[in-house]
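Written below as structure tokens is the structure these notes are about.
The values are calculated or read from the model by the stated rules, or taken from the named source; none is laboratory data. As the structure is a prediction and not an experimental result, all values here were calculated from the model. Methodologically, a virtual Cβ is constructed for each residue, glycine included, from the backbone with ideal geometry; neighbour enumeration extends over all protein chains shown. The area values use the complete protein model at the heavy-atom level, side chains included, leaving out ligands, DNA and RNA. Shrake-Rupley method; radii C 1.70, N 1.55, O 1.52, S 1.80 Å.
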Amino acid sequence: MLAMYTFAIKSDLYVGNNPAQLAERVKVPKKPVRFLDAAEVPRLLAAVPEQWRCLFATAIYTGARKGELLGLKASDVDLKRRTILLATSYDGPTKSAKPRTAPIPEELQPFLAAHLPTVKGEYLFGHDDGERRNRNTDLPAVFKRALARAGIVNGYDHICRRQGCGFRERRTEGEIKPCPKCSFRLWTRPIPADLRFHDLRSTFGTHAYEVTGDVRFVQTVLGHSAPTLTEERYSAVRAQRLVDQGNRLRFLTDEQLSALVTYPALTGSIRDESTVEVERKNPAGCAGFFGGVDGTRT
């Protein structure tokens, strides 16, 4: 409202003081950043239908927005130089109105190399007739179904198949069991995790910041106006990096620490600093940001 009146005054569309300045400012709490864990990425990509897999992989490995992906042209992908030019969103400019270049990570290159020969028309992720997809393309629905198939869920609704029974219960596990009321076979429905398609962008930002520690790199690839915005959005990662740096302060050997403190959680958990750093950056021992298939979201 404040900006609207300011624009109207500057454009001579309104005469007088800005009434919105008298209104008390309301602080809107910021939503927490949500993202896929590294181990969930390969599970999601395996669950995405093949026709969408390269698009989802590009979203995860570059942080591109939905509109930028659907407006991306095949000519903007340079596999030789391993770069992608993000210059348009649908049929207009990007959100920042500034073209930017994203690197093609090693793990993304095979997806693009396999997809490019199948492209019909100028758009990388266009329709089969070569035309550009529009804003109504329901990628969020594709994402939700893939989350359910991948087991990245908040739980499972267990519903009795018997007409008239009415038993319904949400559980953390999806194992099919008999109905506790009538012993009839239950039907299970997975409830996808509370993630949006846009959170694939956060997945890139979070893991790229964690792995590289380079806020300017993440800012540049995501197209943020300033590194402070990137740092603020991914402050949880910054906090974890502080913990990682604090763990470098070592005065005692494992044997000395065990002799001084008797605590079950310390047994067998004290590892070499370099091992901790390698496992933190790459939990599955694979190249790139992501890898591995273990771990579940609860």
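Over 30 Å between C-alpha atoms is what I'm after, so list which of K10/K66; K10/K98; K30/K80; K31/K181 land there.
K10/K66; K30/K80; K31/K181
Mind listing the phi-derived Karplus ³J(HN,Hα) values for segment 74-82, rounded to whole Hz, using 6.51, -1.76 and 1.60 with θ = phi - 60°, and x for any glycine or proline?
Using θ = phi - 60°, the values come out as 4, 6, 7, 9, 10, 5, 5, 8, 6 Hz.
Dimensions of segment 18-67 along principal axes (Cα, Å, largest first)?
54, 23, 17
Treating only the Cβ atoms of Lys and Arg (+1) and Asp and Glu (-1) as charged, compute the dipole magnitude of segment 1-101 about its Cα centre; round to the nearest 20 debye.
280 debye
Given the C-alpha atoms of segment 146-204, compute the convex hull and give its volume per residue in Å³.
On the way: hull volume 5.0 nm³, N = 59.
Cα convex hull per residue, to the nearest whole number: 84 Å³.
Mind listing which GluC sites (Glu not before Pro) in segment 1-61 are in a DSSP loop and have 16 or fewer other Cβ atoms within 10 Å?
Details: sites: E24, E40, E50; in loops: E24.
Taking segment 1-61 and a limit of 16 other Cβ atoms within 10 Å, the loop GluC sites (Glu not before Pro) found are E24.
Using the Karplus curve 6.51 cos²θ - 1.76 cosθ + 1.60 with θ = phi - 60°, work out ³J(HN,Hα) for each residue of segment 112-126 in order, rounded to whole Hz, and write x for Gly and Pro.
My calculation for segment 112-126 gives 5, 5, 7, 7, 3, x, 8, 5, 10, x, 8, 8, 4, 10, x Hz in order.
For K95, give me every one of the aspartates and glutamates with a C-alpha distance below 12 angstrom, ignoring sequence neighbours fewer than eight places off in its own chain.
Those aspartates and glutamates meeting the cut-off are E68.
Can you divide the C-alpha Rg of segment 85-173 by 2.2 N^0.38 Å and report the result to two decimal places?
Rounded to two decimals, the normalised Rg is 1.68.
Charges at C-beta only: +1 for Lys and Arg, -1 for Asp and Glu. How large is the resulting dipole of segment 154-241 about its Cα centre, in Debye rounded to 20?
Values: 15 positive and 10 negative charges, 129 e Å.
In debye, rounded to 20, segment 154-241 gives about 620.
Evaluate the distance, in nm, between pseudo-label points positioned 7 Å from the Cα of R135 and of I176 along their respective Cα→Cβ axes.
Output for this residue pair reads 4.3 nm.
So, in nm, how far is label D128 from label K31 when the simple model puts each one 7 Å beyond its Cα toward the Cβ?
Taking the two extended label points, one gets 3.4 nm.
Using a 1.4 Å probe, what is the accessible area per residue for segment 125-195, in Å²? Intermediate results must be reported in sequence, preceding the final value.
Numbers: 4350 Å² over 71 residues.
It amounts to 61 Å² per residue over segment 125-195.
Pull up all non-local amide H partners of K73: gap of 5 or more, or a different chain, and H-to-H distance under 5 Å with H placed in the peptide plane.
Those lying under 5 Å, H to H, from K73 are L124.
Please report, in whole Å, how far the alpha carbons of segment 1-123 spread along each principal axis, starting with the longest.
So the extents along the principal axes, rounded to whole Å, are 61, 33, 24.
Looking at segment 151-247, I'd like the Rg to Rh ratio, where Rg is from alpha-carbon atoms and Rh is Kirkwood's inverse mean 1/r.
Taking Rg over the Kirkwood Rh, I get 1.29.
Under a plain spin-label model, where a point goes 7 Å from the Cα along Cα-to-Cβ, how far apart in nm are F217 and R185?
Modelled inter-label distance: 5.1 nm.
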